[in-house]
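What follows is a set of notes on a single structure, which appears directly below.
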Amino acid sequence: MHRLAAVLLIAASAGSHGQDPARREGLVAVCVSCHGAAGITGSEEIPALAGQNEDYLYEALKNFKEGNRPSAQMRGIARELSDEEMRQMANHFAAQPYVRSIQAADPAQAARGKEVYVRVCQICHLDEGRATTYAEYPLLAGQSLPYMQKEMQLILDKRRRIELIKQGMLELASRQQIDDAIHFFAGQRVTPDQVSNSQTAPAKRSKRNRFRTEVPADAAQ
């Protein structure tokens with residue numbers, strides 16, 4: 001709550017400053033308080049942002065702002081940002097080196113998950129999660145296991161909106177198989193030079209916001 005109050009104070013005090021560098025630094029500082037220095041988080045519940053696709057980060061902020069992704073704290077922060085500021089935040093973290101913590105993913109699940117990845121996931125998440133077909137899709141290799149499990153549960157419970165194509169692909173796998181795939185992605189060992197993000201190798205853009213499900217009214221609160 002203190003972090004939300006901080007970003008609201010920054011927004012209120014600098015609302016007319018446009019490209020004010022001090023405002024940008026203040027907004028980055030609010031992000032860093034949760035997501036870690038240079039976008040590398042120390043919490044398993046919070047995603048690492050460093051080196052992530054810029055367009056994905058921008059779309060994530062926009063979806064928080066519009067209520068398509070459920071998080072009271074993130075929505076409170078995002079709805080105080082202008083479109084240009086969301087772009088700036090996304091650019092800042094995308095420009096950081098892609099670093100992920102080594103995790104203890106279950107080896108048996110990860111092995112099964114590779115089969116699911118080949119059958120279901122790799123059409124969009126290329127090179128075992130180190131690249132993407134579309135710029136708005138996330139790089140998943142080495143991302144936090146608990147975070148990915150939490151977000152997937154929101155999707156499966158229809159509390160987080162996703163595009164039609166993603167919903168259709170998820171229907172090709174059982175919940176157990178989806179969790180196996182998450183272990184596969186989480187267990188990937190990644191160095192910055194192995195990653196192709198939207199800054200180093202621009203991907204094409206998809207047609208966004210083709211959602212199948214509506215988010216329940218209480219999910220965006």
Quick note on 193, 157, 179, ordering by fewest other C-beta atoms within 10 Å, gives 193, 157, 179
Taking a straight Cα-to-Cα line shorter than 13 Å from residue 65, and setting aside same-chain aspartates and glutamates fewer than 8 residues away, one finds 80, 83, 85
So, over other residues within a Cβ distance under 14 Å of residue 186, counting Lys, Arg +1 and Asp, Glu -1, the net charge is -1
Expressed in Å to one decimal, the Kirkwood Rh of region 48-121 from all distinct alpha-carbon pairs is 14.3
Residue separation between residue 72 and residue 101 times 0.36 nm, minus their alpha-carbon distance, gives in nm 7.8 nm
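Pull out a ≥ b ≥ c, the square roots of the eigenvalues of the alpha-carbon gyration tensor of region 101-160, then state rounded if a/c is under 1.5, prolate if not and a/b is larger than b/c, and oblate in the remaining case.
On the way: a/c = 1.34, a/b = 1.02, b/c = 1.32.
It is rounded, given that a/c, with a ≥ b ≥ c, falls under 1.5.
If you count, for each residue, the other Cβ atoms within 10 Å and average over each peptide, how do 80-91, 58-69 line up from highest to lowest?
On the way: 80-91: 16.7, 58-69: 20.9.
With the highest mean Cβ count within 10 Å placed first, the list reads 58-69, 80-91.
What ranking do 99-110, 44-55 get when scored by the average of other Cβ atoms within 10 Å per residue, highest first?
In decreasing order of mean packing, 99-110, 44-55 become 44-55, 99-110.
Which trypsin sites (Lys or Arg not before Pro) in region 115-173 pass both tests, a DSSP loop state and at most 15 other beta-carbon atoms within 10 Å? Walk me through the numbers on the way to the answer.
Working: sites: 119, 130, 150, 158, 159, 160, 161, 166; in loops: 130, 158, 159, 160, 161.
Here the sparse-neighbourhood loop sites are 158.
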Region 72-186, Kirkwood Rh and Cα Rg, ratio Rg/Rh at 0.98
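Take the Cβ-Cβ distance between residue 167 and residue 189 as r, set R0 to 30 Å, and report the resulting FRET efficiency rounded to the nearest 0.05. Let's see the in-between values first.
Numbers: r = 30 Å, r/R0 = 1.00.
Once the sixth-power term is evaluated, E becomes 0.50.
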Here the equivalent ellipsoid of region 138-188, derived from its Cα gyration tensor, has semi-axes (largest first, whole Å) of 18, 12, 11
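Multiply the residue separation of residue 46 and residue 115 by 0.36 nm, subtract the distance between their alpha-carbon atoms, and state the gained length in nm to one decimal. Could you put the intermediate results ahead of the total?
Working: separation 69, 0.36 × 69 = 24.84 nm, distance 2.69 nm.
Stretched fully, the residue 46-residue 115 segment lengthens by 22.1 nm.
Since every read-out is calculated from the coordinates, none of them should be taken as a lab result. These numbers were taken from a predicted model, which means no experiment stands behind them. Glycine also receives a Cβ, built like all others from the backbone with ideal geometry; neighbour counts cover every protein chain displayed.
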